[in-house]
Amino acid sequence: QVQLEESGGGLVQPGGSLRLSCAAFGRTFSSYAMGWFRQAPGKEREFVASFIWSSGRVIYGDSVTGRFIMSGDNAKKTVYLQMNSLEPVDTAVYYCAAKKYNTGSYYFTRAEAYDDWGQGTQVTVSS
């Protein structure tokens, strides 16, 4: 199994930026893609972005396209989420997830298709 640990969450003012990190631990770590999801109180878990290790391709959710940038570092087994132009609607717990295999592009956006999850990191956007 793999252990995922998010970091970088915190409080930021509207219009500000924040960068989240997710590091994978374990000798057997292997995944096809990594994902970022977020969940606000009373709402379903929402797709944010997905990163494919082999190609570096990134898929973004409609709500964050143009504002967030996901990237990955193979050597460090770490993925990042650069969040810009943050607004209160972005307030949520952000979760890192790993998808072991390629089961089709559609499933990169589905939380239920991911295999391992981090504990989450709180992002609060407020004045």
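The values are calculated or read from the model by the stated rules, or taken from the named source; none is laboratory data. From a predicted model like this one, the values you see are computed outputs, not experimental measurements. All Cβ positions, glycine included, derive from the backbone under ideal geometry; neighbour counts span all protein chains shown. Protein only, heavy atoms only, side chains kept; ligands, DNA and RNA dropped before computing areas. Shrake-Rupley method; radii C 1.70, N 1.55, O 1.52, S 1.80 Å.
Quick notes on this structure:
- Residues that are under 30 Å from Gln13 (Cβ atoms) and free of Cβ contacts under 8 Å to residues at least 60 places away in the same chain, drawn from region 94-108: none
- Test: residue in region 36-47 that is within 17 Å of Leu4 (Cβ to Cβ), touching a Gly at 6+ places or on another chain (Cβ under 7 Å), open to solvent by less than 60 Å² (accessible area, probe 1.4 Å) and among the polar types (S, T, N, Q): no
- One residue from Val93, Val123, Val89 being outside any strand (DSSP E or B) and within 14 Å of Arg38 (Cα to Cα): Val89
- Of all residues in region 1-35 being β-branched (Val, Ile, Thr) and open to solvent by less than 80 Å² (accessible area, probe 1.4 Å), the one that is nearest to Cys96 (Cα to Cα): Val2
- The conditions of being in contact with a helix residue (DSSP H, G or I) (Cβ under 9 Å, 6 or more places away or on another chain), farther than 17 Å from Val2 by Cα and part of a strand (DSSP E or B) are met by Ser50.
- Residue within region 82-96 that is surrounded by fewer than 13 Cβ atoms within 10 Å (Cβ to Cβ) and of a type in the set (S, T, N, Q) present: no
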